[in-house]
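A short write-up of the structure that comes next.
Derivation of every value follows stated rules applied to the coordinates shown; laboratory data play no part. Everything numeric here is computed off the predicted structure, so don't read it as measured data. When we count neighbours, we look across all protein chains shown, and the Cβ atoms used for this are built from the backbone with ideal geometry, even at glycine.
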Amino acid sequence: MVSLYVFDFHGTLAKGNECAVVESTNLSLEEHGRKERLTLEDTYRWQGKPWADYFIGLCPGVSEKEIASMVSCAKRLGYKIFPKHTSPMEHVVEVLQEIKRRGDISIVISNTTPDALDKYLQHIGIINLVNDRIGITNEVEKTGRLDVAKDKGRKLAEYIKDKNFDGVTVIGDTEDDVRAGKMVNATTFYFNQDGKKFDLADYSISDLRKVLEV
């Protein structure tokens, strides 16, 4: 039988992208004549949400049209910026290679559009190690206000429907990732390198290799 491993991307398979988000978001704000600025602490607070939610949080009351424009600008700039900040998480290649060697399936579910996700996967060198990726639409990226756990859980439920996997494991660095996994009765790993724990998760880990031990 085949098991399914479901990974979040930013903060799980890759690290450092929050710095790229800060840089490209602030450049977009500047281009739009805004005085607000995103901080690194903000990215941790809104981690896992679509880009629009960052601008909504920073600029309450701004029109949806301007939010969409700021997102498009930040994304355009971000394609040039992210390679200097974003790199593979420790042991990610080793873990994905072992999953593939076992004959199991690994996929990525992220609140990033598929085109951007492909660029990220290519950049950190794992695009050939994952079997599939599921992202959000351009519209959702520009409008935000997404219930992340419910949306990821729904997409995962649709993906596994009628596939008869021997087991499903979800790995992510936010509580929403864990909640999404619980919606489909998956084994859940709350991953972070700070030693934080989340009681709802089956396991809280700081080393991705722990996923292979269960």
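Here is how the numbers come out for the structure above:
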{"read-out": "Cα-centred dipole magnitude for the chain, charges only on beta-carbon of K, R (+1) and D, E (-1), debye, nearest 20", "value": "260"}
{"read-out": "Neighbour-limited loop hits for chymotrypsin sites (Phe, Trp or Tyr not before Pro), the stretch 1-110 (at most 15 other Cβ within 10 Å; DSSP other than H, G, I, E, B)", "value": "none"}
{"read-out": "Charge sum, other residues only, whose C-beta stays under 14 Å from Val140's C-beta, Lys/Arg counted +1 and Asp/Glu -1", "value": "+1"}
{"read-out": "Computed [θ] at 222 nm, helices only, for the chain once each DSSP H run of length n ≥ 4 contributes -39500 (n - 2.57)", "value": "-13500 deg cm²/dmol"}
{"read-out": "Which listed pairs, of Lys35/Lys75; Lys15/Lys197; Lys100/Lys152, have C-alpha distances above 21 Å, in listed order", "value": "Lys100/Lys152"}
{"read-out": "Net lengthening on full extension, Lys84/Lys163 (0.36 nm per residue, minus Cα-Cα)", "value": "24.6 nm"}
{"read-out": "Neighbour-count order for Lys80, Lys75, fewest beta carbons within 10 angstrom listed first", "value": "Lys80, Lys75"}
{"read-out": "Segments 22-29, 131-138 sorted - mean Cβ within 10 Å per residue, highest first", "value": "22-29, 131-138"}
